[in-house]
Amino acid sequence: MYRITLIPGDGTGPEISEATKRVIEATGIPVEWDVQEAGIDVFEKEGTPLPQRVIDSIKRNKVAIKGPVTTPVGTGFRSVNVTLRQILDLYCCLRPSKTFKGVRTRFDAVDLVVIRENTEDLYAGIEFAKGSEDAERVIHLINDLTGKTIRPDSGISIKPISVYGTERIARFAFEYARKNKRKKVTAVHKANIMKYSDGLFLETARNVAKGYPDIEFEDRIVDNMCMQLVQKPELYDVMVLPNLYGDIVSDLAAGLIGGLGVAPGANLGEEYAVFEPVHGSAPKYKGLNKVNPLAMILSGVMMLRHLGEFQAAERLEKAVASVIEEGRNVTYDLKPAPDDPTAATTSGMADAIIGKLI
Ligand code: NAD
């Protein structure tokens, strides 16, 4: 019996979580869900969006699947997602982007894997609010050290990138490539401008690459990478990126395969694994039973593989592929027009997938 932490999340999270729970149960694997609420509604009730019980549950069960959680923009609590990744040292964010037959996209056969460093960079959460005493001290110190002038009305975010953090994510990328019979790893950076952070990322990735002569290695500057991806995604395979670029490029890659509705992800560390869709809580659709559950269901497929349930993963993925290819019981985002009256509901799509499970 697998005991898995299930975090339904908020916004449309609970709807897609329910759909995911049902299809995973329908594969027949023995699972007991340890349901843990987190997010904006919990913040109102418990004073924190991420109570300790949620973290304890993941630490107990080692594996979790989560729906998206809203993060207020600019003010309010810190992102639950970022906090979880840091507390559990989920240093790798793995986001495969593969086209399913039947999804309307500009490209037919995209098959990319984004491997994003998950704990450092501008997402480290080291920030100083404009006008605060700390910001003033930091600005003075930096102005003294560099001879440059940071304006006193500036907010500051710090971008740390370490050899340790880069080595382990680069190693993960090469090991992943080897294990999954991939041919190439591309390191993505802006080392021409940020010589000491992105430069270190590139240099470290290059050093790690020397240990994997069987895998091709190259690097790209992030802006060029974005352009290349929308022009010729077939040239790329596995990409390894610092946190911020990884976040942005994984949405771009999701766009290439038909949108956020079909883009799954995993946050992985040495000890714990948390599976979640790339997309957010899409709050404007909350409670409408409308959004696409596939990104979370496909995160569930990744989870099944992580658990060693390869057959169940394969069966579920095939059922998903078949529902998409048929195109009948799919949500609005996979229909030719978003207002298509024949669009399936979230739960309806889950039913169709269950119906295809053999
Ligand atoms: P979002 O991903 O929630 O939604 C953007 C748009 O993408 C939606 O309006 C919708 O058109 C489409 N979309 C998203 N998910 C879809 C689905 N399952 N099916 C069909 N269409 C879908 O991004 P946002 O609006 O920028 O963020 C909303 C909230 O989610 C924010 O508070 C943000 O911080 C949070 N967020 C959370 C996570 C996470 O929990 N891991 C990730 C990203 C954003």
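Remark: pairs (first residue in region 1-30, closer than 15 Å to residue 289 by Cβ and open to solvent by 40 Å² or more (accessible area, probe 1.4 Å); second residue among the small types (Gly, Ala, Ser) and not in a loop (DSSP other than H, G, I, E, B); Cβ separation under 6 Å; 6+ apart in sequence or on different chains) = 22/350.
Exactly one condition in (1) modelled with pLDDT under 95; (2) part of a loop (DSSP other than H, G, I, E, B); (3) of a type outside the set (Phe, Trp, Tyr) is not met by residue 28; state its number. Among (1) modelled with pLDDT under 95; (2) part of a loop (DSSP other than H, G, I, E, B); (3) of a type outside the set (Phe, Trp, Tyr), residue 28 violates only (1).
One residue alone among 267, 243, 224 is surrounded by 15 or more Cβ atoms within 10 Å (Cβ to Cβ) and more than 10 Å from the ligand (Cβ to nearest atom), and that residue is 243.
For the structure I just gave you, tell me whether residue 128 is more than 14 Å from the ligand (Cβ to nearest atom), over 30 Å from residue 155 (Cα atoms) and more than 15 Å from the chain's Cα centre (by Cα). No; evaluated as a whole, the condition is false for this residue.
Evaluation of residue 260 against the conditions (1) more than 8 Å from the ligand (Cβ to nearest atom); (2) open to solvent by 30 Å² or more (accessible area, probe 1.4 Å); (3) under 15 Å from the mean Cα position of the chain (by Cα) shows that the sole unmet condition is (1).
Just checking, does region 157-167 include any residue being away from the ligand (no atom under 16 Å from the Cβ), closer than 23 Å to residue 298 by Cα and assigned to a loop (DSSP other than H, G, I, E, B)? Scanning region 157-167 turns up no residue that is away from the ligand (no atom under 16 Å from the Cβ), closer than 23 Å to residue 298 by Cα and assigned to a loop (DSSP other than H, G, I, E, B). Could you go through region 317-332 and let me know if any residue there is open to solvent by less than 10 Å² (accessible area, probe 1.4 Å), over 30 Å from residue 59 (Cβ atoms) and away from the ligand (no atom under 16 Å from the Cβ). Yes.
When 34, 56 are screened for being away from the ligand (no atom under 15 Å from the Cβ) and either in a helix (DSSP H, G or I) or open to solvent by 50 Å² or more (accessible area, probe 1.4 Å) (or both), only 56 passes.
The values are calculated or read from the model by the stated rules, or taken from the named source; none is laboratory data. The structure displayed is predicted, hence computed values, not measured ones. We place every Cβ from the backbone using ideal geometry, glycine too, and count neighbours over all the protein chains shown. Please note that ligands, DNA and RNA were not included when accessible areas were found on the heavy atoms of the full protein model with its side chains. Shrake-Rupley method; radii C 1.70, N 1.55, O 1.52, S 1.80 Å.
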